Amino acid sequence: MTAPELDNLRLAQLAPAETGDVRGREVVFAVEGLEVSYGGAAALRDVTLDIRRNYVTAFIGPSGCGKSTLIRCFNRMNDLIPGAVVSGKVDYHGRDLYGPSVDPVEVRRRIGMVFQKPNPFPKSIYDNIAFGPRVLKLTKDLDERVERTLRHAALWDEVKDRLSENALGLSGGQQQRLCIARALAVEPDVILMDEPASALDPISTSRIEDLIHELKREYTIVIVTHNMQQAGRVADMTAFFSVEVREDGTGRHGTLVEYDQTTKIFTNPSDRRTEDYVTGRFG
Amino acid sequence: MARVEYQASLEALEADLQEQGGVVLRAVAGAINALETQDVELCDEVIAFDDEIDDRYHRIERSIGELLAQQAPVATDLRLVLAVLHSSIHLERIGDQSVTVAKLTKLSAALEQHTELVEGLCEMGTRAAEMVRRALDSFAARDVDGARELVDLDELIDRTNRAVVDKVLAMSASPGMQEWGMRMIVVARCIERIGDNAVDIGEQTEYLITGEFHEFSDASH
């Protein structure tokens, strides 16, 4: 049988379409030659990578590798740390995130963040969600917005009858989903998560992971995690960072070792250091 | 070196595969030897020995289940575990082919035989056993070139297999040889499959080393 005939076979037509080509996806953040230092000491050096739309991108690596430092560059959280200096390029949808005309408050509206420890305001569940929209004067149909957001964060069914109760009365896992909902309430474009499940029990963790899978349809997500299996479970792309000790004895800094599709990182990493880390042979 | 226990489990797993390989090679040699000498007792031994091969396969499968559940291997470790699992299944199949050769030898013992054809089949069997040895050695030495060379060795066996079929067809004019000839076609096919399984193990070796899986030869050829 010749090749053209084979193409006509129904079997050939049943072949699955090629899935998600990474390069074809819109770039949300383009990072080039990024360096971050605190008080003159480099914490992270020479990072170049693209974060792509509707992908979950995980940053993994040992303590001190700069993964949290990098994620904080994406919503200019490092601006709030005295002595922090960011150099190199961070473009957000093609615009310099650190350009003089960029308003950091507007940046943080578009790029929401969820932290390791749930940090709800000591207010009602409703007010936690309504806080951001009120600040931004998005008060039209506020009740609907609160409900929509809580549904989005897979929390509505658990809290709909006690919206006026204090958010601090929720469980840890519920508080974390409330914080995710709070980030969603102002209609961001990107959600940054800095170890969002490391303080939670396994059931709450899997709820958060399910939520991440749901949310990536509409949002771009960047997650820092110490849990490699979690990166394997939720992320499309994974960046591995490591700590480099400077030869001149001036200290150590984080560096990007490898950035690729998660399946590649966990089945056939290119760099020996990644291999050693993901297989647990570091140290 | 961190994860000492884990590392030891991986090494034990690979040692189990090589041991299974050694046992399977004994089965292949036994089957070919029985064919050559028409030794019915040896045929029975080969048939009974298959339980040992199956047990070893199940032991490897169980160890892999435990490793996956408890250690969540990734990267090279994951590839090793998958390659061992597949190779162990291929070895188990080689054991099954040896059993079929032994059963057919037993069934054909009382029939009129064609000595030259038996010699040809035994030579084929020896080559197949060499391929299994080569596949196991390449796996252990992480020798991707050695694994890829299995395809050339397999081609020799395939050629002999085709020659056996031609010979049996030529013999079919002689009525007394028909039953024996038909059985020997199946024996040739079993030995040919042993060669294919050795190539399959070679493919696992390449996957283990490179992270890319591809079939060494196209099934349609």
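General remarks:
- Residue list for the stretch A:91-132, given a label point 7 angstrom along the Cα-to-Cβ vector of A:GLU187 and an amide N cut-off under 18 Å: A:106-113, A:129-132
- Counting, for every residue in A:269-278, the Cβ atoms of other protein chains within 10 Å of its Cβ and taking the mean gives 2.
- For the stretch B:80-88, putting each phi into the Karplus relation 6.51 cos²θ - 1.76 cosθ + 1.60 with θ = phi - 60° gives couplings of 4, 4, 5, 5, 5, 4, 4, 5, 5 Hz, in residue order, rounded to whole numbers and with x for Gly and Pro.
- Cα-projected label distance for A:ARG23 with B:GLN178, points at 7 Å along beta-carbon direction, nm: 6.4 nm
- Residue among A:ASP161, A:ASP91, A:ASP271 with the largest mean-square fluctuation in a Gaussian network model of chain A, springs linking Cα atoms under 10 Å: A:ASP161
- Cα-based radius of gyration of the protein assembly as shown once divided by 2.2 N^0.38 Å, which approximates compact folds: 1.34
- GNM top mover of A:GLY173, A:GLY39, A:GLY66 - chain A, alpha-carbon springs below 10 Å: A:GLY39
- Using R0 = 56 Å, the C-beta based FRET efficiency linking A:ASP143 and B:GLN18 works out to 0.25.
- According to the calculation over all Cα-Cα pairs in the stretch A:102-153, the P(r) per 10 Å bin from zero is 21, 52, 26, 1 %.
- Spatially near lysine pairs across the stretch A:25-278, Cα under 27 Å, sequence gap of 8 or more or different chains: 17
- Scaling the Cα radius of gyration of chain A by the globular reference 2.2 N^0.38 Å produces a ratio of 1.11.
- Remark: the A:GLU218-A:ASP201 segment gains 3.5 nm on full extension, using 0.36 nm per residue and subtracting the alpha carbon distance.
- Computed label-point distance, nm, for sites A:GLN229 and A:PHE131 using a 7 Å Cα→Cβ extension: 3.3 nm
- Distance (nanometres) between label positions extended 7 Å along Cα→Cβ at A:THR48 and B:ILE185: 6.4 nm
- Residues of the stretch A:126-142 with an amide N closer than 13 Å to a point placed 7 Å from the Cα of A:SER164 along the Cα-to-Cβ direction: A:126-127.
- 3J(HN,Hα) along the stretch B:56-70, derived from phi through the Karplus expression 6.51 cos²θ - 1.76 cosθ + 1.60 where θ = phi - 60°, amounts to 5, 4, 5, 5, 5, 4, 5, 4, 5, x, 5, 4, 5, 6, 9 Hz, with x in place of Gly and Pro.
- Sequence-ordered 3J(HN,Hα) estimates for the stretch B:91-107 from the Karplus curve with 6.51, -1.76 and 1.60 and θ = phi - 60° stand at 5, 4, 5, 4, x, 4, 5, 4, 4, 5, 4, 5, 5, 5, 4, 4, 5 Hz, glycine and proline given as x.
- Helix axis angle, B:150-171 relative to chain B longest principal axis, alpha carbon, degrees: 20 degrees
- Remark: the Cα gyration tensor places the stretch B:4-210 in the prolate category, a/c being 1.5 or greater and a/b exceeding b/c.
- Each Lys or Arg adds one and each Asp or Glu takes one away; over the other residues whose Cβ falls under 11 Å from the Cβ of A:ILE71, this sums to 0.
- Of the trypsin sites (Lys or Arg not before Pro) in the stretch A:110-148, the ones in a loop by DSSP (not H, G, I, E or B) with at most 12 other beta carbons within 10 Å are A:LYS137, A:LYS140.
- Alpha-carbon radius of gyration plus Dmax, which is the widest Cα pair, for the stretch A:17-129 in Å: 15.9, 51
- FRET efficiency, 1/(1 + (r/R0)^6) with R0 45 Å, evaluated for B:VAL4 and B:GLU116 via beta carbons: 0.20
- Built amide H within the under 5 Å cut-off of A:LEU44, gap 5+: A:VAL36, A:GLY254
All of the numbers you see were taken from the coordinates with simple rules; none came from a lab. Remember, predicted model here, so these are calculated numbers, not experimental data. Neighbour counts run over all protein chains shown; Cβ positions are idealised from the backbone, glycine included.
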